[in-house]
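Asks: Provided herewith is a single structure, encoded as structure tokens, for subsequent inquiry.
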Ligand code: IMP
Ligand code: MG
């Protein structure tokens with residue numbers, strides 16, 4: 001009997017969750033019906049499920065450790081905010097903001113730290129939270145930079161791993177989703193600083209990027 005009540009409650013709870021997410025999508029219809037966004041790649045209920053699983057795994061792995069979770073601004077902020085709610089441990093958080101040195105240098109792996117950590121990480125267990133890892137150049141620079149500060153350990157948790165374009169050889173301990181060549185926006189990920197507020201992750205229509213790349217090339221050739 002108790003088991004039956006539990007199962008009914010669980011089904012009810014999960015359906016409610018999907019409904020709440022669906023209502024959220026409908027409210028956001030003005031943005032999602034734009035010319036720029038393509039299909040949903042990862043729906044919000046799927047994202048929440050994966051984020052919860054990641055949080056639970058991190059909880060097990062970091063028991064009795066001196067953990068600092070670092071959010072890489074701005075893209076990881078929504079993922080980070082959801083993820084830490086599922087980590088049932090005492091830990092501190094810190095933020096870091098980085099930007100690449102522009103179009104020509106974007107493959108050099110040289111990034112500028114625009115906001116550094118507030119905390120001293122020496123002797124601490126560090127978990128870096130990223131939105132998406134593409135070439136891996138940004139992250140490998142970051143890991144090198146943080147290693148100098150002598151933390152006890154550094155691990156990485158990314159919502160999306162797009163390994164097809166990987167250049168830097170990096171170890172990623174926690175991965176939410178794997179993705180092929182698509183450029184995606186939503187749930188923190190941006191295109192020209194927009195669309196971070198979408199609850200699901202959407203594909204960007206390729207025409208949009210093509211036009212931008214052509215424009216960039218034309219400007220550089222002038
Ligand atoms: P990487 O150095 O090539 O690994 O670049 C990773 C960073 O580029 C991510 O942290 C994102 O900020 C950004 N990025 C890469 N791919 C995408 C995407 O599909 N959508 C939005 N941002 C992206
Ligand atoms: Mg990022």
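The values are calculated or read from the model by the stated rules, or taken from the named source; none is laboratory data. Nothing here was measured: the structure is a model prediction, and the numbers come from that model. Cβ atoms come from the backbone with ideal geometry, glycine included; neighbour counts cover every protein chain shown.
Asks: Tally up the residues in the range 167-179 that are outside any strand (DSSP E or B), more than 15 Å from ligand 2 (Cβ to nearest atom) and either under 13 Å from the mean Cα position of the chain (by Cα) or closer than 24 Å to residue 57 by Cβ (or both), please.
Replies: To start, the set of residues in the range 167-179 that are outside any strand (DSSP E or B) comprises 167-173, 179.
If we keep only those that are more than 15 Å from ligand 2 (Cβ to nearest atom) as well, we get 167, 169, 171, 173.
Filter once more, keeping what is either under 13 Å from the mean Cα position of the chain (by Cα) or closer than 24 Å to residue 57 by Cβ (or both): 169, 171, 173.
Residues that pass the stated criteria total 3.
Asks: Next question, about the same structure. Within the range 123-140, is there a residue that is at pLDDT below 95 and farther than 20 Å from residue 190 by Cβ?
Replies: Yes, some residue in the range 123-140 is at pLDDT below 95 and farther than 20 Å from residue 190 by Cβ.
Asks: Quick check on this structure: which one of 50, 68, 40, 36 is modelled with pLDDT of 95 or more and either more than 30 Å from residue 125 (Cβ to Cβ) or within 16 Å of ligand 2 (Cβ to nearest atom) (or both)?
Replies: Numbers: 50 fails: either more than 30 Å from residue 125 (Cβ to Cβ) or within 16 Å of ligand 2 (Cβ to nearest atom) (or both); 68 fails: either more than 30 Å from residue 125 (Cβ to Cβ) or within 16 Å of ligand 2 (Cβ to nearest atom) (or both); 36 fails: modelled with pLDDT of 95 or more.
None of the others qualify; the one that does is 40.
Asks: From the list 78, 84, 98, 70, pick out the single residue that is away from ligand 1 (no atom under 16 Å from the Cβ) and touching a strand residue (DSSP E or B) at 6+ places or on another chain (Cβ under 9 Å). Walk me through how you get there before you give the answer.
Replies: Values: 78 fails: away from ligand 1 (no atom under 16 Å from the Cβ); 98 fails: away from ligand 1 (no atom under 16 Å from the Cβ); 70 fails: away from ligand 1 (no atom under 16 Å from the Cβ).
One residue alone meets the criteria, 84.
Asks: Would you mind listing the helices (runs of 4 or more DSSP H) fully within the range 37-152 where at least 1 residues are in contact (Cβ under 8 Å) with a residue 24 or more places away in the chain and touching a helix residue (DSSP H, G or I) at 6+ places or on another chain (Cβ under 7 Å)?
Replies: Details: elements: 44-61, 77-85, 137-147.
So the answer is 44-61, 77-85.
Asks: Here's something else I'd like to know. Just to be sure I understand, how many residues within the range 201-212 are at pLDDT 90 or above and surrounded by fewer than 22 Cβ atoms within 10 Å (Cβ to Cβ)? Break it down into steps so the answer makes sense when it comes.
Replies: Residues of the range 201-212 at pLDDT 90 or above: 201-204.
Now drop any that are not surrounded by fewer than 22 Cβ atoms within 10 Å (Cβ to Cβ), which leaves 203-204.
Result for the range 201-212: 2.
Asks: Right, something else. Where residues in the range 153-166 are more than 9 Å from ligand 1 (Cβ to nearest atom) and not in a strand (DSSP E or B), which of them is surrounded by the fewest Cβ atoms within 10 Å (Cβ to Cβ)? If you could, list the steps in order and put the result at the bottom.
Replies: Initial filter on the range 153-166 (more than 9 Å from ligand 1 (Cβ to nearest atom)): 153-157, 159, 161, 163-164.
Narrowing further to those that are not in a strand (DSSP E or B): 163-164.
On the way: 163: 14, 164: 10.
Per the stated criteria, the residue is 164.
Asks: Report yes if residue 185 is under 12 Å from the mean Cα position of the chain (by Cα), under 11 Å from residue 132 (Cα atoms) and in contact (Cβ under 8 Å) with a residue 60 or more places away in the chain, otherwise no.
Replies: yes
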